[in-house]
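The values are calculated or read from the model by the stated rules, or taken from the named source; none is laboratory data. Keep in mind that what you see is a predicted model, and the values were worked out from it rather than measured. Note that we place each Cβ from the backbone using ideal geometry, even for glycine, and neighbour counts take in every protein chain shown.
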Amino acid sequence: MSKKKMKLSMPSLKDARSRKFESTEVISYHLDGKFSHVGENKTYYVFTYGCQGNEADSEVISGILEGVGYKRSVDPYKADLVILNTCAIRENAENRIWGVLGNLKGVKRDNPELRIGICGCMPQEENATEKLLTSYPFVDLIFGTHNIQSLPRLLFEMYQKQSKVIEVLSTQGNILEDAPKHRESKHKAWVNIMFGCDEFCTYCIVPYTRGKERSRDKDEIIKEVEDLVAKGYKEVTLLGQNVNSYGNDKHDGYTFGDLLYDLDKTGIERIRYTTSHPKDLDEKTIQAMHDCKHVMPQLHLPVQSGDNEVLKKMNRKYTVEEYLAKVKRLKEMVPGISLTTDIIVGFPNETEEQFKHTLDLVNAVEFEGAYTFIYSPREGTPAARMEDSVPFEEKKERLERLNERVDYFYRKGNERFVGETVKVLVDSVSKNNPDNLCGYSEHLKLVHFPSHNLALIGTIVEVKITEAKTWFQMGELVSE
Ligand code: SAH
Ligand code: SF4
Ligand code: F3S
């Protein structure tokens, strides 16, 4: 390995917090003519792990690769370049990546021309990068979350020098506008409204891997959504780690609620957003959900725990009572709203009683879906240094009990629509039954219905719900 250009890794909590005072630059994508043919006659494949933010990044990576000549390979294991866009949120997320890398080692043995790149959140962690260098020497390219725009140059260097290229920036991040994108769907689009996170929940790696919170210019966002409407897109999902703090770094008084009102006028059929932070979800946003016809009656509002002491140790900055008050207001203003959440069990020293408070909260809110996780210590975060007396077996058992509760309300949330006609944006043919099409209703319920009419894909149709299962609904087409 001759090139090692590593400008980071994890900032300390103190360093990371002081970053708020660094300025954010908006950068345009610039492709140097020298690198513009680097992918000619070559194929690529991108594996994506983690959150929607990573999915959106992979669309940019694909767009950049295609812009320099690469063509997408149908078979990942036959591509000339494979990129793994990684996630570091929990240990098992990282273990999956180590597993895939193990498989790729064999593929590379058979095809030494294969080039393997790793990007996303894992390279932003010092220990993961060290492990990559020592245990996975066949990886050719390592870059981070802040330098996707440099990909053509990095690839050029990789081929020219026939050596490993590593470039992970510790910069807290700029905003990249105008980068080419290969969007995976022709009717649903991710729209980043901000990047990074300033919350520092004590268990979470994201503020370290993604940099400081920075909001895109509202006019750029509105323009992007208008362009999507012009191209025939039906739905946008606004992305950010805490969308409710959109605009806080700009100090011009324009907030997330204002953005919803403005986007409602663009002509897009459906607007969703994720992720909300209960601390910052404000009255204006709730009012906008009530007033704006195109903002969908569904909200993912991660609570993490139903116990005030645990919430405090997590640095979530709200209480159970405050959370419930916002839920009450949402249910008043958006009748029938479907609420989903994220919950962590087994936070360091979580007691049985504290866990029961989480079950109580699930019962009180009746979440219609939840992502549930066993706490996973992340090196460098404050919680990883906390003492923890709860055995892993007990954490697993808590997760099972929680999932049982969550599944009950998941099903109940599907049952409440039986006999009703709902609007479904059709995504595709159902994976397990070629006689069905499937898509999502306004309340974000997965709906399957019999039809062979592929022309319906990408359109909104009316479906009468006939049956509810835990994870989906069955229905019949009412209109075409
Ligand atoms: N910004 C979003 C999502 C962050 S990551 C939010 O604040 O909700 C998605 C979820 O992963 C989190 O909501 C949390 O429930 C979970 N998570 C994050 N770090 C974790 C960790 N160290 N162990 C277990 N779950 C974690
Ligand atoms: Fe992580 Fe908290 Fe930021 Fe979400 S809000 S990304 S959980 S630090
Ligand atoms: Fe994972 Fe990074 Fe997203 S850690 S959840 S890919 S921000």
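General observations
- Count - residues of the stretch 384-421 that are part of a helix (DSSP H, G or I) and among the polar types (S, T, N, Q): 2
- Exactly one residue among V68, V74 is buried (at least 18 other Cβ atoms within 10 Å of the Cβ), at pLDDT 90 or above and among the hydrophobic types (A, V, I, L, M, F, W, C), and that residue is V68.
- Selection count where residues are on the phi < 0 side of the Ramachandran plot and either within 16 Å of ligand 1 (Cβ to nearest atom) or at pLDDT below 95 (or both), scope the stretch 208-228: 7
- Look at the stretch 190-210: where a residue is within 20 Å of N147 (Cα to Cα) and assigned to a helix (DSSP H, G or I) and a partner is acidic (D, E) and near ligand 2 (Cβ under 9 Å from one of its atoms), sitting 6+ places away or on another chain with Cβ atoms under 9 Å, you get V206/E199; P207/D198; P207/E199; P207/E213.
- Total residues in the stretch 22-78, condition in a helix (DSSP H, G or I) and within 26 Å of the chain's Cα centre (by Cα): 18
- Across the stretch 341-364, the qualifying residues are those that are in contact with a strand residue (DSSP E or B) (Cβ under 7 Å, 6 or more places away or on another chain) and crowded, with 21+ Cβ neighbours inside 10 Å, and the one among them that is farthest from N414 (Cα to Cα) is G346.
- Residue match in the stretch 177-198 (condition: away from ligand 3 (no atom under 16 Å from the Cβ), within 28 Å of N103 (Cβ to Cβ) and of a type in the set (A, V, I, L, M)): no
- Of the residues contained in the stretch 177-184, one or more are found to be within 22 Å of L31 (Cα to Cα), buried (at least 18 other Cβ atoms within 10 Å of the Cβ), in contact (Cβ under 8 Å) with a residue 60 or more places away in the chain and touching a Ser or Thr at 6+ places or on another chain (Cβ under 9 Å).
- Looking across the stretch 369-394, the residues that are of a type in the set (G, A, S), within 16 Å of ligand 2 (Cβ to nearest atom) and over 19 Å from N95 (Cα atoms) come down to A370, A383.
- Scanning the stretch 457-470 for residues that are touching a Phe, Trp or Tyr at 6+ places or on another chain (Cβ under 7 Å) and either assigned to a loop (DSSP other than H, G, I, E, B) or free of Cβ contacts under 8 Å to residues at least 40 places away in the same chain (or both) gives a single hit, T470.
- Criterion (at positive phi and modelled with pLDDT of 95 or more) met by exactly one of F200, F195: F200
- The single condition among (1) within 16 Å of ligand 2 (Cβ to nearest atom); (2) on the phi > 0 side of the Ramachandran plot that I205 does not meet is (2).
- Checked against (1) within 18 Å of the chain's Cα centre (by Cα); (2) within 16 Å of ligand 1 (Cβ to nearest atom), L281 passes all but condition (1).
- Residue count for the stretch 87-102, restricted to those that are without any contact (Cβ under 8 Å) to a residue 40 or more places away in the chain and surrounded by 17 or more Cβ atoms within 10 Å (Cβ to Cβ): 3
- Number of positions in the stretch 359-383 that are over 30 Å from N127 (Cβ atoms) and either of a type outside the set (A, V, I, L, M, F, W, C) or part of a loop (DSSP other than H, G, I, E, B) (or both): 6
- When residues in the stretch 79-111 are screened for being part of a helix (DSSP H, G or I) and either within 30 Å of K396 (Cα to Cα) or of a type outside the set (V, I, T) (or both), 19 of them pass.
- Number of positions in the stretch 1-53 that are surrounded by 14 or more Cβ atoms within 10 Å (Cβ to Cβ), in contact with a Pro (Cβ under 8 Å, 6 or more places away or on another chain) and either modelled with pLDDT of 75 or more or among the hydroxyl-bearing types (S, T, Y) (or both): 7
- Lone qualifier among L238, L228, L281, L263 - being farther than 26 Å from Q124 by Cα and within 16 Å of ligand 2 (Cβ to nearest atom): L281
- Residues that are within 16 Å of ligand 1 (Cβ to nearest atom), among the hydroxyl-bearing types (S, T, Y) and touching an Asp or Glu at 6+ places or on another chain (Cβ under 7 Å) within the stretch 240-278 comprise just one, S245.
- Of the residues screened, I166 is not one that is buried (at least 17 other Cβ atoms within 10 Å of the Cβ), free of Cβ contacts under 8 Å to residues at least 60 places away in the same chain and not in a helix (DSSP H, G or I).
- So L81, is it of a type in the set (A, V, I, L, M, F, W, C), at pLDDT below 95 and surrounded by 14 or more Cβ atoms within 10 Å (Cβ to Cβ): no
- The C-beta contact set for the stretch 341-358 (first residue part of a helix (DSSP H, G or I), second residue more than 16 Å from ligand 3 (Cβ to nearest atom) and aromatic (F, W, Y), distance under 9 angstrom, 6+ apart or interchain) comprises Q354/F347.
- Number of residues in the stretch 422-435 that are over 12 Å from Q473 (Cα atoms) and outside any loop (DSSP other than H, G, I, E, B): the value is 6.
- Sole residue being basic (K, R), touching an Asp or Glu at 6+ places or on another chain (Cβ under 9 Å) and at pLDDT 95 or above, chosen from K312, K317, K328: K317
- Where a residue in the stretch 49-63 is of a type in the set (F, W, Y) and its partner, wherever it lies, is within 15 Å of ligand 2 (Cβ to nearest atom), with Cβ under 7 Å and at least six apart: Y49/C87; Y49/A93
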